Structures are given as structure tokens and as C-alpha cells.
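Notes to accompany the following structure.
The values are calculated or read from the model by the stated rules, or taken from the named source; none is laboratory data. What you are looking at is a predicted structure, and each value in this text was computed from that prediction instead of being measured. Backbone-built Cβ (ideal geometry, glycine too); neighbour counts: all protein chains shown.
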Amino acid sequence: MKIRIELNRQLYLQKVHGYKKESYYLRDSVFEAITSGDIEKLKILISSGMIKLSTEMRVLSENQLNNMKYHFVIIATLLAESSLGSGLGHDEAYMIADIYSQKSDKAATCEDLQVLLEDMCLDFAKRICEIKKDDIISIHIRKCIDHIYEDLNADLSTKGLADFTKLNVSYLSKLFKQETGRTIKSYVTAAKMDTAQNLLKYSNLSYFEISASLGYSSQSAFTYAFRKFTGITPKKYREKNYEVNNYIEDNNLF
């Protein structure tokens, strides 16, 4: 009976104030960018404010932060469902959604949730992009890419990868650029920087440990490479994302 009374009250308020479509239904252009693996288009949509958690979402909790967390989980589920038709496996799609849903539970502010939402959308798009490339990349380049991500501390120079794949250095270099659109060096750097950013945000590893795990000869070499790639130092990057990653301990910061 109480539920019926509350339902009638909510329907009345909705009629008086006007119905607003739920903001967690992301725009078609956003879903299209994610499910097609169009990372660059998605970045443009993010920078233009097209992917945003709204404070005007339907009330699922009287606490604004908790309310946005509930809607975040809904978005994560919608993205997982939408990704299934783009080649992403059921287990992997929902694992990504679960990971981000768990991270959202640790968010301290609405701004933290917004950052997580953007990261989640990008991660879905990146994974779908990788899957779509599998269909057009040769077995040799696929082997190179898998090796790069499996061991970022290995010898990932052109010669090192040529030895790994048993191919001629110049042939591998040309084939890699032809199939990925990037040089081996730029691809490896991007892979290391992407991993570094995730480790800085979501782990309590020290800067030295991160640099060592990525195959840099020293922490200063890692800092130089990171700053050149992102425009800021690892310290600044971690500080900027500290609130989202609220389980990084203070003693890991310089």
C-alpha cells in the first residue's frame, strides 16, 4: 500500500513538473562512437561536454552523490549491453562494467564520478577498437601487439620485436606502420603511457616501481617520457586524480 501511495505521488509530481528523459541514456552519437571503437570522436564528445552525469537525474537516493552513483551503475550496465554487439565478449564487457561500478562506490565527489564515467567510456571504446583491428591485422603484427602489452618491461625496440617474431627489421617496421598507422616506437610509448596513467590512478605503486615495471632505466627517464607524452609529471598526474583513486596512500606521494 505504501508503495502505491508513493507511486501515485511521484506520478503526480512528474505530471506537474514535466517529465524529463533520463540523462543516463547517453546520446546516440556517444554510443555510436563507443560501439564503433572511434576513440578520437569519443574524445571530442567528452571535451564538448556530451558525456556528463547530471544533477537532474531521477531521484534514486536523497543523497546527491549516492544518487549519481546509482545512475553510474546503470550507465555501466547499458555500455556493457551495447558493447556485446560490437564483438566484446559477455564476460569481458560485464567485467569492465563491474570494475568501474566498484570504483564508483569509492568516489568521494560528483566530480570523481564524472572522471570515472569518461574513463569508462574510453576503456570500452579502446577495447572494441582493438577487437575490430584483430580482423585486419596480420598474425605477425598481432603477435607483436600481444607481446607489447604482455611484457612492457621486455626489449620492445624494433630489433627486439623483429627477433621475437623472426622477421627482418626493416620488413617488420614497414609492415607495422602499414597495418597500425603508427611506428613501433610510438605504439610502444603509447602503450606504456596508457598503462602508467592507470597505475598512477588506480594503484599504490611508487613512481620507481612503475618506471621499473615499464622498462625504464631510471625513474627520471620515466618522468621525462611521461611529461613529454602527457604534458605533466607523474606526480602532478597522480595528485590530479587522487580523489578518484582514494585508496592511494599519502606516503606514496612525493
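For Asn204, are the conditions met, namely being assigned by TED's automatic domain parsing to the domain that holds Leu152, closer than 26 Å to Tyr100 by Cβ and surrounded by 15 or more Cβ atoms within 10 Å (Cβ to Cβ)?
no
Among residues belonging to region 188-225 that are part of a loop (DSSP other than H, G, I, E, B) and at pLDDT below 90, point out the one that is nearest to Val115 (Cα to Cα).
Filtering first and then ranking leaves Ser203.
Give region 60-69 a look and list any residue that's over 16 Å from Cys121 (Cβ atoms) and surrounded by 16 or more Cβ atoms within 10 Å (Cβ to Cβ), or say none.
Within region 60-69, Asn67, Lys69 qualify.
I'm told Ser54 meets every condition in (1) at pLDDT 60 or above; (2) of a type outside the set (Lys, Arg); (3) assigned to a loop (DSSP other than H, G, I, E, B); (4) more than 20 Å from Ser104 (Cα to Cα) except one. Can you identify the failing condition by its number?
Against the list (1) at pLDDT 60 or above; (2) of a type outside the set (Lys, Arg); (3) assigned to a loop (DSSP other than H, G, I, E, B); (4) more than 20 Å from Ser104 (Cα to Cα), Ser54 comes up short only on (4).
Does any residue in region 62-89 that is without any contact (Cβ under 8 Å) to a residue 24 or more places away in the chain come within less than 8 Å, Cβ to Cβ, of a residue that is of a type in the set (S, T, N, Q) and surrounded by fewer than 16 Cβ atoms within 10 Å (Cβ to Cβ) six or more places away or on a different chain, and which pairs are these?
Asn67/Ser61; Tyr70/Ser61
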